[in-house]
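The next block holds one structure in the form of structure tokens; read it before the comments.
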Amino acid sequence: MAELLKGKPIADKIKEEIKNEVESLKKDTGLSPRLMALQIGENASSEVYLKAQVNTAQGLGIEYILKRLPKEATQKQAEEEIISLNKDKSVSAVILQLPVPPQIDAKKLVNLIEPAKDAEGMHPQNLGQVLLGKWKLAPCTASACLALIESTGVNLYGKEAVIVGHSEIVGKPLSLMLLSKFATTTVCHIATGERGVLPEHVKKAEVLVVAVGKAGLIKGDWVKEGAIVIDVGINKVADKIVGDVDFEEASKRAGFITPVPGGVGPLTTTMLMKNTLEAFKIHNLKSR
Ligand code: NAD
């Protein structure tokens, strides 16, 4: 039976480290990290994430300021807002809350954020640093997956890692992170599924990460004995939140498996705060 890989204890440990570092930096510099969230229009689902971000930041001594633009805001207004946050020396990091209204080009806005203030690690320059294996600000969910994998104590060198899902926020950056640890990394996606070869890839995975958004996509008997299974998927099935992996069957075979909810989720917001602290250090510590 697999060991349950819960996100909260790992998140708590990282949060403790962030909190201590924020306190000591405040003593040294008189300053605290400040995370600015830009929200355009209103959205019920992003309100939940906002609340979690506010609470987490507060507990760590990170100032969290929400700047709201009306739902009819233009692209130009939003761009001006980002430019002014880039110029503001009191702002350590910026996050653009998604989704945005249809007239707004979110990608263009993210690309406008100063790379050293990019709280979500999604600016092309920061993604490029991930490719080079020298990241400071990496995409939060990919970092959360890596933290979960590393918490098992596994040596990734030469291990078979299989990622299902090739999104820019999870699959692609995580594949580069795992490559930089010398895992033999395979990335599967929709075309792998359509070709009917997903099971054969998944079956060889010693480390399996699934980020698709389809409940029950990964059958329990595809999971290799002793594998580390990270289930990123979030699906609502009959009022219950489940992942992409058949948890019950997979946990009979895996060595470690994340629960959904309670696995990757609790770590993602923590990684946002870790990036905010890192951005603060880039701006305020001369040695960096
Ligand atoms: P996405 O929605 O942008 O892309 C889905 C990916 O799945 C694509 O790479 C696609 O090619 C692949 N795919 C689709 N059908 C497939 C199939 N039948 N076989 C193989 N691959 C297939 O991906 P995303 O934004 O990374 O989101 C994926 C899931 O992870 C969603 O459920 C999302 O809610 C969840 N998520 C969770 C967190 C968290 O913090 N827990 C964060 C981000 C995303």
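At-a-glance table
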| quantity | calculated |
| --- | --- |
| Unique match (being over 22 Å from the mean Cα position of the chain (by Cα), surrounded by fewer than 19 Cβ atoms within 10 Å (Cβ to Cβ) and touching a residue at least 12 places away in the same chain (Cβ under 8 Å)) among K76, K71 | K71 |
| E72 being of a type in the set (D, E) and not in a helix (DSSP H, G or I) | yes |
| Tabulated pairs, segment 122-134, first at positive phi, second at pLDDT 95 or above and open to solvent by 60 Å² or more (accessible area, probe 1.4 Å), C-beta under 9 angstrom, 6+ apart or interchain | G133/L179; G133/K181 |
| Total residues in segment 135-155, condition away from the ligand (no atom under 14 Å from the Cβ) and open to solvent by less than 10 Å² (accessible area, probe 1.4 Å) | 2 |
| Close pairs from segment 158-170: first near the ligand (Cβ under 6 Å from one of its atoms), partner of a type in the set (D, E, K, R) and open to solvent by less than 10 Å² (accessible area, probe 1.4 Å), Cβ under 8 Å, at least 6 apart | V164/D244 |
| Check on L38, outside any strand (DSSP E or B), open to solvent by less than 60 Å² (accessible area, probe 1.4 Å) and more than 21 Å from G262 (Cβ to Cβ) | no |
| Residues that are crowded, with 23+ Cβ neighbours inside 10 Å and not in a strand (DSSP E or B), drawn from segment 157-172 | G165, V170, G171 |
| Within segment 185-209, considering residues that are more than 19 Å from T152 (Cβ to Cβ) and hydrophobic (A, V, I, L, M, F, W, C), the one nearest to the ligand (Cβ to nearest atom) | I190 |
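Residues are listed down the side, and each one gets a yes or a no for (1) more than 21 Å from G263 (Cβ to Cβ); (2) in a helix (DSSP H, G or I); (3) of a type in the set (G, A, S):
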{"position": "N126", "(1), (2), (3)": "yes, yes, no"}
{"position": "L137", "(1), (2), (3)": "yes, no, no"}
{"position": "L146", "(1), (2), (3)": "no, yes, no"}
{"position": "V154", "(1), (2), (3)": "no, no, no"}
{"position": "L174", "(1), (2), (3)": "no, yes, no"}
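The values are calculated or read from the model by the stated rules, or taken from the named source; none is laboratory data. Just so it is clear, the structure is predicted and the values come from calculations on it, not from any experiment. Every residue, glycine as well, gets a Cβ built from its backbone with ideal geometry; the counts of neighbours run over all protein chains shown. The area values use the complete protein model at the heavy-atom level, side chains included, leaving out ligands, DNA and RNA. Shrake-Rupley method; radii C 1.70, N 1.55, O 1.52, S 1.80 Å.
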